[in-house]
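All remarks here apply to the structure that follows.
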Amino acid sequence: MVGSATPETKQRHKILVRGIVQGVGFRPFVYGLAQEFGLSGRVANNIDGVEIEVEGPIIALATFIKALKDKAPPLALITDIIAHSISLANDRTFVIAASLFNNNIATTLIPPDMATCAACLAEFLDPADRRYRYPFINCTNCGPRYTIITALPYDRATTTMAYFNMCPTCRSEYDNPASRRYHAEPNACPTCGPELSLHDANGSLLAKGNNAATVASALLTEGRILAIKGLGGFHLAVDARNEEAVQQLRRRKGRAEKPLAVMAADLAAARLLCSLDPQDEIILTSAPRPILLAGPRVDNGLAAAVAPGINLLGVMLPYTPLHHLLMQNGPNVLVMTSGNISDEPIATDNQDALNRLSGLADFFLLHNRDIYLRNDDSVVIRIADKLRFFRRGRGYAPTPIFISQGGPTVLGVGAEIKNTVCLLTGKHGVLSQHVGDLENLAAYQTFKTTIKHLTDIFQAEPELVVHDLHPGYLSTRWALEDQNLNTLAVQHHHAHLAACLAENHETGPAIGIILDGTGYGTENTIWGGEILIGDCREAKRYAHLEPMPLPGGEAAIREPWRIAVGYLFSAYDGKLPDLPFLAQHAPDPILAILKKELNCPITSSCGRLFDAVAAMAGGRQRISYEGQAAIELSEKANDYMALPYPFDLETGNGILIIGIKALIRAIADDIRASSTLSKISSRFHTTLMGIFTEAAKRTRSATAINTVALSGGVFQNRFLLTGLVTSLTAAGFRVLTHSQTPANDGCIALGQAVIGRTMLKQN
Ligand code: ZN
Ligand code: ZN
Ligand code: FE
């Protein structure tokens with residue numbers, strides 16, 4: 001066919017394909033297409049992506065280019081295809097050529113780790129296949145990526161697989177452009193690849209190879225706790241139906257109440273655990289395989305200790321062949337929680353795991369493929385018909401957040417808790433995996449490693465490093481420590497607003513409704529219930545919740561009853577009303593510091609308002625994990641038609657103050673009238689929807705801005721987010737929400753980077 005085209009109808013194109021196109025089977029795909037259309041030429045990886053030269057009839061070339069986009073392999077993510085004509089080379093065949101690398105800045109993207117694909121799973125289950133039940137089976141469409149890549153270009157030598165020499169059979173697959181494993185860098189088999197080993201708590205070897213998995217399954221069935229090496233770190237696993245075993249795990253981990261995620265053997269098993277609609281099932285079975293939060297079924301047989309006090313269950317499906325292997329013979333639902341002591345980052349290294357988890361796990365199921373970068377399971381939920389991230393990690397990171405405009409390279413170092421970092425390069429906001437709470441030393445190490453890794457592999461030298469306004473955040477201190485860095489401080493809630501704008505491809509201006517736990521304000525006060533007017537350059541505080549005292553400062557956050565005392569003290573002019581919850585406590589010392597205004601910073605935080613309402617209404621008095629009181633209160637809300645409580649909006653000094661004293665007093669009255677927690681929660685939520693819809697309308701009247709952006713950790717509240725989106729939309733607003741990045745502090749780094757770049761462009 002190549003020869004049959006006349007020179008006039010024949011052309012040669014040079015095509016550059018950018019995006020996630022390396023390590024995802026893109027070159028064999030291009031090779032296959034060229035064969036299909038009878039075209040000659042070559043394809044190679046370069047530092048920018050994939051470079052193709054292709055020659056043949058004009059019509060066939062057009063179809064070829066269209067097919068590049070339409071038929072791309074499942075893990076590929078194409079951002080640009082740039083094609084132009086070059087002179088004919090009259091080659092006869094199409095070849096996959098050696099990688100072309102020069103010293104340009106890398107703009108290619110690293111793929112995330114992906115769950116075992118259907119084709120690999122079929123081989124895994126086939127007794128005649130040479131990889132039957134092999135726990136490290138993978139191909140160009142699936143398997144580990146981000147967690148094993150040590151540098152770019154992505155090649156076997158720059159992964160933690162470099163240590164394994166491929167056997168001749170694996171090598172022939174790897175070298176064959178027609179094979180599903182052509183340049184699958186983690187390619188391996190039982191002859192040449194990684195292998196399992198089972199150890200007791202002292203590290204002594206008990207079993208090797210697949211026998212290790214068989215014994216591990218039996219131990220899980222007996223109710224033993226196992227540390228299991230996964231993709232981005234270790235899990236602690238235990239039979240999710242064994243009450244005593246789950247309680248034992250909680251005791252050892254020091255995790256009293258925070259819900260534990262479970263892994264179900266397959267979709268059928270997951271359906272018995274919680275109610276899933278078709279959209280949920282698409283998320284659960286997607287290649288990133290996140291933990292999905294869904295409503296548990298009443299008689300699902302799970303131990304009560306899995307997710308006490310909350311109407312949400314985190315469930316995921318097996319995402320490595322090892323998980324499939326374990327669950328074939330063991331319990332069909334396992335608790336799979338991060339292998340760490342509460343608040344520490346997940347363990348990744350075999351020896352580190354043996355050291356750190358020895359008091360937690362009875363046995364260790366290890367293997368000898370190293371994890372280069374830590375990456376926790378992602379946690380998502382579907383709210384108002386969209387995927388929402390609570391934690392963005394394995395399966396998603398480091399897929400970039402695509403933004404609308406390019407510009408200088410900027411690094412955002414994120415907040416203190418739920419830290420992520422973001423390298424903004426070109427149109428790619430490369431948001432790191434969830435790093436965690438930086439006050440934890442191991443998390444802080446991961447923070448530094450991740451910054452180094454991202455800047456190294458992208459060969460990026462940020463022109464600006466952007467940090468939070470809070471001087472005490474370790475991310476701020478890190479940025480300011482190095483005298484050579486050009487730095488910029490950005491207010492926390494402005495960063496929330498910019499992150500929401502950026503992931504929605506907007507630049508503002510918008511009305512930002514930022515409902516959050518804690519953020520450092522501009523006048524040494526703690527913010528968190530704010531309406532900002534702003535864009536990706538600047539923001540102005542237009543309205544906020546009336547500041548209330550936080551007796552004892554940040555320490556009060558662990559004990560919401562203290563916050564309730566502070567809010568009531570303020571709402572009742574220094575006298576506490578008689579409410580049942582007070583009988584459980586000794587409020588006098590709290591009253592004393594409130595009266596003297598000693599260590600009682602004031603806050604406009606919406607998260608603290610939730611804490612106060614939860615505690616005074618008889619909900620959670622003391623919390624054992626962040627946000628617990630608010631989450632439990634919000635899960636009691638069930639009535640969008642509930643009568644709102646009164647509130648006032650008052651303008652003073654050009655700023656709108658949302659008075660909440662009348663609201664607190666009305667809730668106290670409702671409590672004394674013996675209203676149920678569910679009714680109070682519903683009324684409280686409809687009040688917030690009313691407050692922020694009304695405040696947004698007033699902001700619109702004053703500014704003529706009709707776009708609202710919702711951000712902040714409070715928007716993880718599914719009842720509030722759904723209701724507020726509905727009421728704002730009904731009031732004619734365009735409403736922007738988070739669906740690519742978490743609404744919580746996991747989005748801060750992106751917002752910081754975007755603001756930093758805007759400032760650089762303008763100065
Ligand atoms: Zn595969
Ligand atoms: Zn092999
Ligand atoms: Fe925040």
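A single entry from 684, 719, 692 fulfils the requirement of being among the hydrophobic types (A, V, I, L, M, F, W, C), open to solvent by 10 Å² or more (accessible area, probe 1.4 Å), under 21 Å from residue 517 (Cα atoms) and touching a residue at least 12 places away in the same chain (Cβ under 8 Å): 719. Scan region 593-600 and give yes if some residue there is out of contact with any Cys (no Cβ under 7 Å at 6 or more places or on another chain) and buried (at least 16 other Cβ atoms within 10 Å of the Cβ), otherwise no. Yes; the residues of region 593-600 include at least one that is out of contact with any Cys (no Cβ under 7 Å at 6 or more places or on another chain) and buried (at least 16 other Cβ atoms within 10 Å of the Cβ).
At least 2 residues being over 30 Å from residue 698 (Cα atoms) is the threshold, and among the helices (runs of 4 or more DSSP H) wholly inside region 405-522 those reaching it are 441-457, 474-481. Filtered by the rule that a residue be more than 19 Å from the chain's Cα centre (by Cα) and either near ligand 3 (Cβ under 9 Å from one of its atoms) or under 17 Å from residue 544 (Cα atoms) (or both), region 494-513 gives 494, 510, 511, 512, 513. Looking at 667, 660, just one residue is of a type in the set (A, V, I, L, M, F, W, C) and over 34 Å from the mean Cα position of the chain (by Cα), and that residue is 667. Please specify each residue of region 689-747 satisfying the condition of being within 15 Å of ligand 3 (Cβ to nearest atom) and among the aliphatic types (A, V, I, L, M). Selection gives 709, 710, 714, 743. Set side by side, the residues 583, 556 differ, and just one is open to solvent by 20 Å² or more (accessible area, probe 1.4 Å) and not in a strand (DSSP E or B), which is 583. One residue stands out in region 162-180 among those that are at pLDDT below 95 and within 16 Å of ligand 2 (Cβ to nearest atom): the one that is most open to solvent (accessible area, probe 1.4 Å), namely 163.
Among the residues making up region 515-528, a single one is of a type outside the set (Gly, Ala, Ser), within 8 Å of ligand 3 (Cβ to nearest atom) and open to solvent by less than 10 Å² (accessible area, probe 1.4 Å): 516. Based on what the data block shows, is residue 151 open to solvent by 30 Å² or more (accessible area, probe 1.4 Å) and under 30 Å from residue 430 (Cα atoms)? For residue 151, the condition - open to solvent by 30 Å² or more (accessible area, probe 1.4 Å) and under 30 Å from residue 430 (Cα atoms) - is met. Could you check, for region 523-543, whether at least one of its residues is outside any strand (DSSP E or B), at pLDDT below 95 and not acidic (Asp, Glu)? So far as region 523-543 goes, yes, one or more of its residues are outside any strand (DSSP E or B), at pLDDT below 95 and not acidic (Asp, Glu).
The values are calculated or read from the model by the stated rules, or taken from the named source; none is laboratory data. Quantities reported herein were computed from a predicted structural model and do not represent experimental measurements. Cβ coordinates were reconstructed from backbone atoms using ideal geometry, including for glycine residues, and neighbour counts include every protein chain displayed. The accessibility values were calculated without ligands, DNA or RNA, using every heavy atom of the protein model including side chains. Shrake-Rupley method; radii C 1.70, N 1.55, O 1.52, S 1.80 Å.
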